[in-house]
Amino acid sequence: MKDKICLITGANSGIGFETAKSLCAKGAHVLLWCRSEEKAKQALAKIKAEYPDAKADIIISDLSSQKEIRKTCSEILEKYTHLDVLINNAGSWFSDFKLTPEGIEGQWAINHLAPFLLTHLLLPALKKSSDPRVITVSSDSHYHGNIHFNDVNLAHNYHGIRAYAQSKLANVLFTQEFERRKGKLPVTICAVQPGLVKTDIGLKNTISFHGLMWKIRRLGGVSPKKGAETSIYLASEAGVKGISGKYWDRCKPKQASKKTENLSDAIKLWELSMDMCGIQNYFGQ
Ligand SMILES: NC(=O)c1ccc[n+]([C@@H]2O[C@H](COP(=O)([O-])OP(=O)(O)OC[C@H]3O[C@@H](n4cnc5c(N)ncnc54)[C@H](OP(=O)(O)O)[C@@H]3O)[C@@H](O)[C@H]2O)c1
């Protein structure tokens, strides 16, 4: 991984922080994409305290805003010669229905549309790598998900768990459809199940009952370090090159939900995502 440029979203805490730290330890040049400058600086200081020679930069940008994602990506394309690994790790949970300033339900915007848009915008940099990889952190929650095509915002039928599962199913459908559409593009794309991990994800943007449920549920979880293992493996293991379009768990491919075999849903989701992100040509310049 020496000097490979790896961008990790949501790198200030939980699974993303452990992924960033480990890739720094392996000698990669790590870009920590975070929405809070204060949290980003704290995360960077923790990494530097353990690995004083770590090569890492922080990028401050809120993934709930497509306008901000576009601006940040054009700055990245100007600043860095190429990108070897993009890890779409950031994710959020909202107990209550919440729209972004652009009128999109929060979990759909951050968990699905942001990875979809980010991957598109950073393709010019990924294309310059000899072994480009895109890793999106999904979840086994996707087995319980459905894409509510008539109302992806769930404006008429919102429940946090329904929105979360929908967004995580979209992560897997995106990964597989990208693989079908990529043509000769040598990008290895993967979706990941990190396991049940003891992080604070279920304590942010939550009502007290859901917060309590998460505190109990995560007792049975693994540490963030353990939860980061598959992301780190997919980013760094030479043998992963070319094993593309799969869903991974514990560093092995695993059967995704049967719902991901519905190709017309995959196409419909791709077109909907293109529309919601205002993209004309996903693989073009
Ligand atoms: N924990 C689990 O059991 C579990 C299981 C399956 C899948 N996952 C997935 O694993 C990924 C990492 O989650 P985690 O468990 O490690 O939780 P976490 O510690 O809360 O990490 C989530 C990260 O995403 C960032 N983020 C959220 N909204 C953002 C936004 N609008 N813009 C930029 N960054 C944003 C958070 O920043 P802030 O710190 O500023 O909020 C944080 O750095 C998520 O995709 C999650 O869905 C987790």
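The values are calculated or read from the model by the stated rules, or taken from the named source; none is laboratory data. Everything numeric in this text was worked out from a predicted model, so none of it was measured. A quick note on method: Cβ atoms are made from the backbone with ideal geometry, for glycine too, and the neighbour counts reach across all protein chains shown. Accessible surface areas use protein heavy atoms only, side chains included; no ligands, DNA or RNA. Shrake-Rupley method; radii C 1.70, N 1.55, O 1.52, S 1.80 Å.
Observations, loosely collected:
- Among the listed pairs K204/K258; K4/K48; K4/K168, those beyond 26 Å (Cα-Cα): K204/K258; K4/K168
- Cross-link reach is defined here as a Cα-Cα straight distance under 14 Å, omitting same-chain residues fewer than 8 places apart; for K254 the aspartates and glutamates meeting it are D140.
- Sorting 268-274, 203-209 by their mean Cβ neighbour count within 10 Å, with the most densely packed peptide first, gives 268-274, 203-209.
- With the helix formula -39500 (n - 2.57) applied to DSSP H stretches of n ≥ 4, the chain reaches a computed 222 nm mean residue ellipticity of -12500 deg cm²/dmol.
- Charge dipole of the range 212-253 about the Cα centre (unit charges at C-beta), most positive-ward option of V240, L212, P253: L212
- Separation between Cα centres of the range 180-213 and the range 100-130, rounded to whole Å: 14
- Packing-based ranking, highest mean first, of 234-241, 172-179, 7-14 given that Cβ atoms within 10 Å are counted: 7-14, 172-179, 234-241
- For the chain, a Gaussian network of Cα nodes joined below 10 Å ranks P101, P186, P253 by mean-square fluctuation, and the top entry is P101.
- Projecting the Cα positions of F17, V30, P52 onto the charge dipole of the range 3-124 (unit charges on Cβ atoms of Lys, Arg, Asp and Glu, taken about the Cα centre) puts P52 furthest along the positive direction.
- Computed from phi, the 3J(HN,Hα) profile of the range 240-253 under the Karplus parametrisation 6.51, -1.76, 1.60 (θ = phi - 60°) reads 6, 3, x, 8, 10, x, 9, 9, 10, 8, 6, 6, 9, x Hz, with x in place of Gly and Pro.
- Diffusion coefficient, µm² s⁻¹, Stokes-Einstein with Kirkwood Rh over alpha-carbon pairs of the range 64-198 at 4 °C and 1.567 mPa s: 84
- Counting only residues at least eight positions apart within a chain, or on another chain, the lysines with an alpha carbon under 20 Å from that of K46 are K21, K26, K55, K198, K225, K226.
- Averaged per residue, the range 5-277 has 44 square angstrom of accessible surface, using a 1.4 angstrom probe with ligands and nucleic acids left out.
- Point-charge dipole on Cβ atoms (K/R +1, D/E -1) for the chain, about Cα centre, debye to 20: 700
- With Cα atoms as the point set, the chain shows a radius of gyration and Dmax of 17.4, 51 Å.
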